[in-house]
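Q: One structure is given below, represented as structure tokens, and several questions about it will come after.
The values are calculated or read from the model by the stated rules, or taken from the named source; none is laboratory data. A quick note: this is a predicted structure, and the numbers were derived from the prediction, not measured. Neighbour counts are summed over all protein chains in view; Cβ atoms, including those assigned to glycine, are modelled from backbone coordinates with ideal geometry. To get the accessible areas, we keep the full protein, side chains included, count just its heavy atoms, and leave off ligands, DNA and RNA. Shrake-Rupley method; radii C 1.70, N 1.55, O 1.52, S 1.80 Å.
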Amino acid sequence: MDNGYGHKSRWWRKFDVIEKQMTKNSFQWIVDELPYAKPFLFVDEIMSIDETSVEGTYRFHSDAAFFGGHFKNNPVTPGVLLTECCAQVGLVCLGIYLLGDNKQLKDLKIGMSSSQMEFLVPVFPGERVRVVSERVYFRFQKLKCDVKMYNKDNELVCKGTLAGMMSITNE
Amino acid sequence: MQEEEKYQILKDIINIYLPEDVNIADIQEDSHFMNNLNINSANLVDIILDVEDAFDIRLENDDMDQMQTVNDAMAIIDIKLKDK
């Protein structure tokens with residue numbers, strides 16, 4: 001029986017879903033502009049981003065090839081890949097956002113220039129992590145950020161400071 | 001501030017970012033940051049940011065493009081200090 005309320009709540013549920021999709025898609029262009037592809041793309045979704053910070057997630061799928069060798073019979077995500085994930089979310093996504101949504105992004109040249117990381121908790125196959133990055137500065141094409149990675153229990157997985165050069169060269 | 005004092009401050013900043021195969025004694029007024037002192041562009045940015053803090057000045061993208069040698073840096077610092 002339709003008492004009007006049920007109808008309204010269904011409508012609101014639908015609205016919620018649409019709104020979530022819109023929110024998700026509004027940062028999708030940044031992920032699409034990333035100069036990475038499988039098997040070296042370590043960003044699933046950007047949840048929030050502004051001029052000074054970014055937050056994004058990635059799931060380290062259990063079928064990833066590196067788990068076969070790191071370590072033998074004891075799969076753990078390598079620290080270099082945790083660092084890479086932090087860099088792709090924290091530096092490259094933020095850098096793309098700061099450089100703006102323009103067509104010249106296809107000429108984007110990037111390179112990591114320094115990394116200083118501490119690792120506190122291991123990440124096992126299939127775990128989803130969340131990266132939070134705060135801009136230290138973005139000047140003279142160098143972006144430096146303080147990054148933190150958390151697991152699903154909100155434990156600090158790793159933290160550090162990363163920097164890279166990001167520029168659009170259209171010569 | 002005397003020229004000698006400025007040069008010493010700049011040298012001390014550059015020294016922090018020298019790669020292991022370059023010595024502080026290698027820093028000459030005509031040293032080219034990238035070619036002679038093996039400083040990469042990422043570290044050159046850090047030198048510029050430290051120079052800004054040390055002399056309380058602000059450099060722009062054009063200044064960085066012109067800052068090829070230690071002498072260039074000294075000249076830019078002088079101009080910025082005069083404009084203050």
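Q: Among the listed residues B:66, B:8, identify the single one that is more than 21 Å from residue A:113 (Cα to Cα), within 13 Å of the chain's Cα centre (by Cα) and within 14 Å of chain A (Cβ to nearest Cβ). Even if it seems obvious, please write down each step before you answer.
A: Working: B:8 fails: within 14 Å of chain A (Cβ to nearest Cβ).
Just one listed residue meets the conditions, B:66.
Q: Test of understanding: among B:73, B:42, which residue is more than 13 Å from every other protein chain (Cβ to nearest Cβ), aliphatic (A, V, I, L, M) and either farther than 20 Å from residue A:164 by Cβ or without any contact (Cβ under 8 Å) to a residue 12 or more places away in the chain (or both)?
A: Numbers: B:42 fails: more than 13 Å from every other protein chain (Cβ to nearest Cβ).
B:73 is the lone residue from the list that is more than 13 Å from every other protein chain (Cβ to nearest Cβ), aliphatic (A, V, I, L, M) and either farther than 20 Å from residue A:164 by Cβ or without any contact (Cβ under 8 Å) to a residue 12 or more places away in the chain (or both).
Q: While we're here: How about the range B:65-84: which of its residues are open to solvent by 50 Å² or more (accessible area, probe 1.4 Å) and not in a helix (DSSP H, G or I)?
A: Matches in the range B:65-84: B:68, B:84.
Q: Another question, then. Within the range A:56-63, is even one residue away from chain B (no Cβ under 14 Å), over 18 Å from the mean Cα position of the chain (by Cα) and at pLDDT 95 or above?
A: Filtering the range A:56-63 for residues away from chain B (no Cβ under 14 Å) gives A:56-63.
Then drop every residue that is not over 18 Å from the mean Cα position of the chain (by Cα), which leaves A:62-63.
Right, trim to at pLDDT 95 or above and you get A:62-63.
Within the range A:56-63, one or more residues are away from chain B (no Cβ under 14 Å), over 18 Å from the mean Cα position of the chain (by Cα) and at pLDDT 95 or above.
Q: Tell me the residue from B:30, B:21, B:62 that is outside any loop (DSSP other than H, G, I, E, B) and not hydroxyl-bearing (Ser, Thr, Tyr), please.
A: Numbers: B:30 fails: outside any loop (DSSP other than H, G, I, E, B); B:21 fails: outside any loop (DSSP other than H, G, I, E, B).
Unique residue meeting the criteria: B:62.
Q: I've got another one for you. Identify, please: which residue in the range A:104-156 is among the aromatic types (Phe, Trp, Tyr) and within 14 Å of chain B (Cβ to nearest Cβ) and is, among those, surrounded by the most Cβ atoms within 10 Å (Cβ to Cβ)? Reasoning before the result, please.
A: Quick first cut of the range A:104-156, residues among the aromatic types (Phe, Trp, Tyr) only: A:119, A:124, A:137-138, A:140, A:150.
Restricting the remaining residues to those that are within 14 Å of chain B (Cβ to nearest Cβ) gives A:137-138, A:140.
Working: A:137: 13, A:138: 18, A:140: 20.
Looking at residues that are among the aromatic types (Phe, Trp, Tyr) and within 14 Å of chain B (Cβ to nearest Cβ), I get A:140.
Q: Among the listed residues B:48, B:14, B:9, B:57, identify the single one that is of a type in the set (Val, Ile, Thr), modelled with pLDDT of 95 or more, open to solvent by less than 80 Å² (accessible area, probe 1.4 Å) and in a loop (DSSP other than H, G, I, E, B). Walk me through how you get there before you give the answer.
A: Values: B:48 fails: in a loop (DSSP other than H, G, I, E, B); B:14 fails: in a loop (DSSP other than H, G, I, E, B); B:9 fails: in a loop (DSSP other than H, G, I, E, B).
Only one candidate qualifies: B:57.
Q: Which one is nearest to the other protein chains (Cβ to nearest Cβ) among residues in the range B:20-31 that are open to solvent by 40 Å² or more (accessible area, probe 1.4 Å) and without any contact (Cβ under 8 Å) to a residue 40 or more places away in the chain?
A: B:20
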